[in-house]
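Read through the structure below, which is laid out as structure tokens, and then see the notes.
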Amino acid sequence: MQYYTVVGDSYEDAVRKARELYGDGIRIHARRDYTTGGGFFSRKKEKCEIVCYLARSSGRKGEKERDISEFAKEAKTPDPSTLSPEERLDTEIYREKTVNSEAASMLDVNHITDPLRAKLLEDFPEGGDVSMIMSERLIKTVGIDYDRQVHPRHFVVFIGPTGSGKTTTLAKVAYLFSRSEKSVGIITLDSYRTGAFEQVSAFGNALSIPVLAAGAEDELIKAAERFSWKDMVFIDTMGLSPKDKELNLKLRGMLSVLDPDRTDYILTVSASMKEEDIMDQFSSYSQFSPSSLAVTKLDETETIGNVLSFSYKVSVPMLYFTDGQKVPDDIEKASGAVLLEHMKGFGLNMKKFRAQVSLD
Ligand SMILES: Nc1nc2c(ncn2[C@@H]2O[C@H](COP(=O)(O)OP(=O)(O)OP(=O)(O)O)[C@@H](O)[C@H]2O)c(=O)[nH]1
Ligand SMILES: [Mg+2]
């Protein structure tokens, strides 16, 4: 049976569109309500996606079916150049025509949203091992920053919301590099939170990594000079909220003394947050143009579909995953295999995937 996917602004709108396209013989197979936008880039919009099929005519045999197919052939597809980006996305889903419901539900239980969802379901083949095909598509589609795992820049600045895991993750990453024969140092710019310096210097002591504090631009210049012979300098920052305009400006001012060609900004994102909340917080950090994500607190959630959807939407690839409070142990470099292990319903299929990779 042929299934058709149609998206509308409401259930009634989606059904109306489906009837316009395929005639009154449609039957609704599944319905999905979701919200698009609502973050830094666009306003929130309610959407409803229906999956429908054409019922066999019970009336005069042949006639009704011919009517419907003629209708479908005549259905007009709008000119994409006249549409807004959001309408274009809808039209793309609209043209998808068939949907593999097993593949779609794999994504839905993992809270994967558009545009990543639409991309992963595009021309999804009929038949075959759905979870294998979906695993491969997911790994190929989401961004993983393998290059920076191997070739980091001299300054690595950790930015992100309060409590997202900046300091803990910075200490874990600094240790990863110090263990691989790199000479590393830490500079903290967080002179605001009580105990911030004590926290980072305790990590420094435990891991034998020197720590300096800088509260203003000239202090950061001096600290960077003292560490100029180091291979890598990790810079810890204070958490910002969109309301902290002054703190935001101060942080930007301080970081402007670093050579941009030698500096990477890593945004820490907690996997235990909803995608829309991550998106809202992103507005405070987009000005730093983060090159990659450190995804934290994987141990606190069943799936990281929210982070994958966010990463795809803002085109910022993933660099590290952390899954616990233990410093320096609870960290892994982002990879396709680790990513699949943190998706619901993909676990079983990892065994097959690994077996296949080792056979190839
Ligand atoms: N469960 C879990 N907890 C984590 C993880 N990473 C960090 N944490 C905890 O989250 C809390 C906040 O971590 P910090 O590293 O202090 O976060 P921060 O972003 O530096 O916070 P501020 O400096 O206050 O902005 C601490 O209790 C950490 O132990 C993780 O991967 N899993
Ligand atoms: Mg901190």
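Values quoted throughout were computed directly from the atomic coordinates according to the rules given, and no laboratory measurement underlies them. Just so it is clear, the model here is predicted, and its values are computed rather than measured. When we count neighbours, we look across all protein chains shown, and the Cβ atoms used for this are built from the backbone with ideal geometry, even at glycine.
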Per 10 Å bin from zero, what fraction in whole % of the C-alpha pairs of segment 201-273 is there, up to the bin with the longest pair? 15, 45, 34, 7
Based on alpha-carbon positions alone, could you give the equivalent ellipsoid semi-axes of segment 146-334 from the gyration tensor, as √(5λ), descending, whole Å? 24, 19, 16
Enumerate the calculated ³J(HN,Hα) couplings along segment 293-306 in order (Karplus 6.51 cos²θ - 1.76 cosθ + 1.60, θ = phi - 60°), each rounded to whole Hz, writing x wherever the residue is Gly or Pro. 10, 9, 8, 10, 6, 4, 6, 9, 9, 7, 9, 10, x, 4
Approximate spin-label separation Gln325-Ser10, in nm, with each point projected 7 Å along Cα-to-Cβ: 4.8 nm
Interchain or long-range residues, amide H under 5 Å from Tyr3's placed H: Val99
Rotationally averaged projected area of segment 135-197 (alpha carbon convex hull; nm²): 6.1 nm²
Over segment 266-316, what per residue volume does the convex hull of the Cα atoms give, in whole Å³? 61 Å³
Evaluate 2.2 N^0.38 Å with N set to the residue count of segment 143-248, then give the Cα radius of gyration divided by it. 1.06
With contacts defined as alpha carbon pairs under 8 Å and 6 or more residues apart, what's the relative contact order of segment 150-280 in percent? 42 percent
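Multiply the residue separation of Ile221 and Gln149 by 0.36 nm, subtract the distance between their alpha-carbon atoms, and state the gained length in nm to one decimal.
Once the chain is fully extended between Ile221 and Gln149, it gains 23.3 nm.
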Using the structure shown, list the pairs from Lys297/Lys326; Lys166/Lys222; Lys44/Lys274; Lys166/Lys243; Lys230/Lys297; Lys172/Lys245 with a Cα-Cα distance above 18 Å, or answer none. Lys166/Lys222; Lys166/Lys243; Lys230/Lys297; Lys172/Lys245
Given backbone amide H placed at 1.01 Å from N, residues whose amide H is under 5 Å from that of Met318, ignoring those fewer than 5 places away on the same chain, are Gly143, Ile144, Asp145, Leu293
Report the relative contact order of segment 213-313, percent, no decimals, based on alpha-carbon pairs under 8 angstrom and at least 6 residues apart. 26 percent
Applying a 10 Å radius around every beta-carbon, put 329-337, 177-185 in order of their mean neighbour count, most first. 329-337, 177-185
